Every structure is written in C-alpha cells, then in structure tokens.
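Novice: Structure incoming, see below.
Quick note: the coordinates plus some simple rules give every number you see, no bench work behind them. This is a predicted model, so every value here is computed, not measured. Cβ: placed from backbone, ideal geometry, glycine included. Neighbour counts: every protein chain shown.
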C-alpha cells in the first residue's frame with residue numbers, strides 16, 4: 001500500500017494524470033504486484049503460509065488499504081518528493097504502522113542476508129522503502145528490478 005501511494009505521488013510530482021487518470025494505473029499495478037510478490041517471500045521466509053498473501057489477509061487487505069487511509073497518503077507524500085521526516089511531520093499525530101513495519105524489516109535484512117536466507121538482490125521494492133523510511137532517502141524506484149526476467 002505504501003508502494004502504491006508512492007506511484008500516485010510520483011505521478012503528482014511529474015505533473016499529474018491525464019483526463020482518464022491513466023498515467024497512474026501501470027506504475028501502481030507494477031508496485032502492487034511487486035509488493036505482493038515480496039510479501040509472499042517474506043511470509044515464507046518467516047515461516048508463514050505464503051498462500052495467505054493471495055487471499056483476504058494479503059492482497060485483499062492491501063487493496064482495501066490502497067483505496068485510502070494513512071498508509072497510501074504517506075506513500076503519496078513520499079512519492080511527491082517529501083523526505084520521510086517531512087511526511088511524518090505533515091502527518092503528526094497519526095500512527096504510521098507501515099513505516100514502523102518497514103523500519104523493523106530494515107533492521108532484520110542484514111541478519112537474514114548474513115545467515116544466507118536472503119540474497120542482496122531480493123526484495124528490491126522493500127529495500128527501496130527501507131532506504132526511504134530508515135535512511136530518509138528520496139524515492140527512487142528501479143522498475144526494471146521489480147520482477148524476475150521470467151515474469152517480464
């Protein structure tokens with residue numbers, strides 16, 4: 001959801017949508033799909049049931065959250081070019097669970113890599129979110145790395 005919000009914010013930064021709001025659909029769909037793919041990898045890695053990702057608790061919840069709320073709004077602010085600190089100040093008083101989850105994952109990734117459970121090239125979207133949230137970096141999504149060659 002945070003990633004789909006990024007797509008909307010990046011679109012706003014570039015001048016906004018056309019009359020049919022068509023500019024946003026493809027980047028948002030790519031980020032939605034990549035986030036579902038990476039969610040399945042993380043759930044599996046942590047011992048959960050990856051089939052849940054393709055059901056109501058996974059993409060079902062993600063879809064509903066994308067329709068509005070704090071997480072997608074945070075993503076839009078970040079996508080527009082605000083730093084995480086600026087966006088957090090803009091949303092003062094609101095609980096940003098997604099940012100807390102991303103920060104926790106950012107702390108866990110090095111350990112997963114060190115134990116050989118996760119490759120450095122895996123989870124490119126999550127790593128982007130980690131840089132933005134934990135490193136206060138600008139949003140730079142490398143769409144070319146989001147999917148393996150067999151799904152492009």
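Novice: Counting only helical runs of four or more DSSP H residues, what would the 222 nm mean residue ellipticity of the chain come to if each run contributes -39,500 (n - 2.57) and the total is spread over all its residues?
Specialist: -18000 deg cm²/dmol
Novice: Taking the 0 to 90 degree range and rounding to the nearest ten, how far is the long axis of helix 97-114 tilted relative to the main principal axis of the chain, both from C-alpha atoms?
Specialist: Tilt of helix 97-114: around 40 degrees.
Novice: I would also like to ask the following. In vacuo Debye scattering of the chain, one point per C-alpha: log10 I(q)/I(0) at q = 0.14, 0.15, 0.20, 0.21 Å⁻¹?
Specialist: Result of the Debye calculation: -0.68, -0.78, -1.40, -1.52.
Novice: Okay, next question. Hey, quick one: spin label on residue 100, modelled 7 Å out along Cα-Cβ, who in the stretch 114-141 has an amide N within reach, i.e. under 20 Å?
Specialist: Counting only backbone N, you get 129-136.
Novice: Right, something else. With a point put 7 Å past each Cα toward its Cβ, work out how far residue 56 is from residue 92 in nm, to one decimal.
Specialist: Using points 7 Å along Cα→Cβ, the separation is 4.0 nm.
Novice: Relative contact order for the chain: what is it in percent, counting Cα pairs under 8 Å that are at least 6 residues apart?
Specialist: Dividing the mean separation by the residue count of the chain yields 30 percent.
Novice: Turning to a different aspect of this structure: For helix 22-45, what angle does its Cα long axis make with the longest principal axis of the chain, in degrees from 0 to 90 and rounded to 10?
Specialist: Helix 22-45 sits at roughly 20 degrees to that axis.
Novice: In square nanometres and to one decimal, what's the mean projected area of the convex hull around the Cα atoms of the stretch 58-110?
Specialist: That works out to 4.4 nm², a quarter of the Cα hull's surface.
Novice: Then there is this: What does the highest-first list of 61-69, 114-122 look like by mean Cβ count within 10 Å?
Specialist: 61-69, 114-122
Novice: Which residue fluctuates the most in the chain, going by a Gaussian network model with Cα springs under 10 Å, if the choices are 96, 77, 125?
Specialist: 96
Novice: Mark the label point 7 Å from the Cα of residue 117 along Cα→Cβ and return the residues of the stretch 35-55 whose backbone N is within less than 19 Å of it.
Specialist: 37-53
Novice: Separate question: To the nearest 0.05, how large is the calculated FRET efficiency for residue 137 and residue 63 if R₀ is 35 Å and r is the Cβ-Cβ distance?
Specialist: 0.80
Novice: What is the angle, in °, between the Cα long axis of helix 70-79 and the longest principal axis of the Cα atoms in the chain? Nearest 10 is fine, range 0 to 90.
Specialist: For helix 70-79, the angle is close to 80 degrees.
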